[in-house]
Amino acid sequence: MNISHLILNSYIAQALDIIGDRWSLLILREAFYGRSRFEEFIQHTGASRATLSRRLEALIDNNILQKRPQKPGASRFIYCFTERGIALAGPSLLAQQWDSKRPAAQRQRPKPKLRHSSCGHRLKPQAVCRCCGQVLEYDDVRWTVGKDQLEQQLQELRSIHQQRRVRDSGQVKADADDLIYLIGDRWTLLILILSFFGSCRYDDFSKQLNIAPSILAGRLKTMVSGGIMKRRRYQQHPPRYEYQLTNKGKSIFPFIMALRQWALERLPSDSAAPTLLHKPCGQLLEVDVVCGHCQQVPAAAEIELRGY
Ligand SMILES: [Zn+2]
Ligand SMILES: [Zn+2]
């Protein structure tokens, strides 16, 4: 195992610690769709009142949402994005786009139609390199990291990992066709991130994650049946398997990178970010989410949503 595969960037971990559980992601999705009242979140996320209260509170504590009276002096409250929260529009657009590729039969709700009001075209979000403007591809990124940095990140990740273990207990519902379920499930997400950085063997995942064999096997199975990974036997006796990301699996990469960019810019951190290079231009990678038609970063107010 090459330890540098384990670049579980603390920024990604930190971002996911704040928004990466299933309920928070659902709340944020609904907030981007314009919901703002407690009852609306209940209706559209299916969360219990207690769960919803807890998650809203956590999102407020982390300065993603703010709570304010519906009108001055009113007793009803609404939940709106803060500046930090609204900056999640880019990753959120990519997540919606990923979900919208699902076959209609599998979707519980109609496909939302997005329009970029300033150029007037349908909004097809694309993650691009801020420096050269090229669309971000899975194979175009190179990581360089020092040993100290790596150890620090591993430690941070493990501690977040422990906290999430407690919080996530009892609410796993695996659905490899729904990005929210995929990344809202801690183990699936960690397996996915390890794959992005080169791990593919069962033994690697097992060692790096210190995960129970039945859980690891279950998650890999779900990812294979959902078309995120493909499994290949690389040794006959005893049988050993490796798991490789399919194109569908790789297509989650821009979302994770956009989320990392958000964390870099919006979350305080003591640790230096590991260097990430964009191979085509050789520059440090910074990611923007742009409108595929006009190549501009759409402001939140310019994103129109229809049919939802
Ligand atoms: Zn570039
Ligand atoms: Zn546009």
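Some notes on this structure:
- Over 21 Å between alpha carbons, listed pairs Lys124/Lys250; Lys101/Lys124; Lys207/Lys279: Lys207/Lys279
- Ordering 231-239, 112-120, 245-253 by mean Cβ neighbour count within 10 Å, with the highest value first, yields 245-253, 112-120, 231-239.
- Note on Ser36: accessible area approximately 30 square angstrom, rounded to 10, probe 1.4 Å, nucleic acids and ligands left out.
- Among the protein heavy atoms, those of His44 account for about 50 Å² of accessible surface (1.4 Å probe, every chain in place).
- Label sites at Ala301 and Tyr234, each approximated as a point 7 angstrom past Cα along Cα to Cβ, lie 5.3 nm apart.
- Orientation-averaged projected area, Cα convex hull of region 178-236 (nm²): 4.1 nm²
The values are calculated or read from the model by the stated rules, or taken from the named source; none is laboratory data. The shown structure was predicted, so the numbers you read here are calculated from the model rather than taken from an experiment. With ideal geometry, Cβ positions are generated from the backbone for all residues, glycine too; neighbour counts draw on all protein chains shown. Heads up: the accessible areas ignore ligands, DNA and RNA and are worked out on the full protein's heavy atoms, side chains in. Shrake-Rupley method; radii C 1.70, N 1.55, O 1.52, S 1.80 Å.
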